[in-house]
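First up is the structure itself, then whatever we jot down about it.
No value in this document is a laboratory result; all are computed from the given coordinates. Here the structure is a predicted model, which means the values were calculated and not measured. Reconstructed Cβ throughout: ideal geometry from the backbone, glycine too, with neighbour counts over all protein chains shown.
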Amino acid sequence: MKKARKAEPDKPLLRNFLESSDPVVSFVRDIAWVAAVVGGIALLLFIASGTWPAIVAVESESMVHNMEVGDIIFLTGPDRSGEIQSMEEASLTGFGRFISHPDRDGNPVYGDVIVYRPNGDTSVHPIIHRAVRWVDESDGYAHAGYITKGDNNPRADQGLFYRGIGVIEPVKPEWVIGKAIFGIPLVGYLPLHIVEFAAVLIAIMIIYELIMRRRGKNGDKI
């Protein structure tokens with residue numbers, strides 16, 4: 001009498017997921033891999049910069065020519081490497097970042113460029129402009145904060161109307177996301193068109209998977 005064969009234990013769920021040739025599972029696996037890589041990079045950027053987002057893409061011409069549309073800008077926490085220096089303060093020492101070109105009126109620029117949430121509102125896009133000077137209630141403002149301005153803009157942000165939040169107020173320190181440290185040209189076009197890029201990437205992955213499976217069925221070498 002033949003002995004009954006012992007049933008092979010089921011593969012662990014994770015191993016089955018990693019080794020499955022099912023097209024749907026393969027697609028999900030590829031997406032998970034991409035997400036893991038992107039997540040790992042994001043974590044490293046956060047650890048290195050001490051703020052989030054750690055990078056931003058320039059979307060307007062308000063900082064031309066010190067920042068161009070499509071530049072990707074790396075940030076650091078507002079309190080890292082010293083306090084924020086306004087243009088008024090830094091003009092005494094000559095300190096500044098993104099100061100290779102004068103402003104629209106031909107005047108030299110100094111100090112830190114900051115990324116801040118206008119009026120502290122998290123529902124609107126942050127603004128990346130230069131901190132011009134610090135003001136308080138004695139200057140006629142409702143509260144203390146930074147006056148900010150784009151190098152290519154004719155006037156400061158404060159007093160301007162921002163759709164969705166109203167008139168922009170002086171920037172409180174807690175509204176500052178980070179200080180701009182350096183930029184890379186053109187790379188910022190990717191996050192500016194992230195939806196289109198993701199769609200193309202997913203389409204390429206699907207086409208690649210279909211080609212590999214067809215080759216496998218036809219006995220072709222992969």
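Please identify every one of the GluC sites (Glu not before Pro) in segment 57-143 that sits in a loop by DSSP and has no more than 12 other beta carbons within 10 Å of its own beta carbon.
Those that pass, being in a loop and sparsely packed, are GLU83.
Could you work out how much longer the chain between ILE165 and TYR141 gets when fully extended? Use 0.36 nm per residue separation minus the Cα distance between them, nm to one decimal. Mind showing how you got there, number by number?
Working: separation 24, 0.36 × 24 = 8.64 nm, distance 1.73 nm.
Once the chain is fully extended between ILE165 and TYR141, it gains 6.9 nm.
Report the extension gain between VAL64 and ILE204 in nm, rounded to one decimal, defined as 0.36 nm multiplied by the number of residues separating them, less their alpha carbon distance.
46.9 nm
Have a look at ILE84, ILE73, GLY94 and report the one farthest towards the positive end of the charge dipole of segment 49-190, computed about the Cα centre with Cβ charges (Lys/Arg +1, Asp/Glu -1).
Of ILE84, ILE73, GLY94, it is ILE73.
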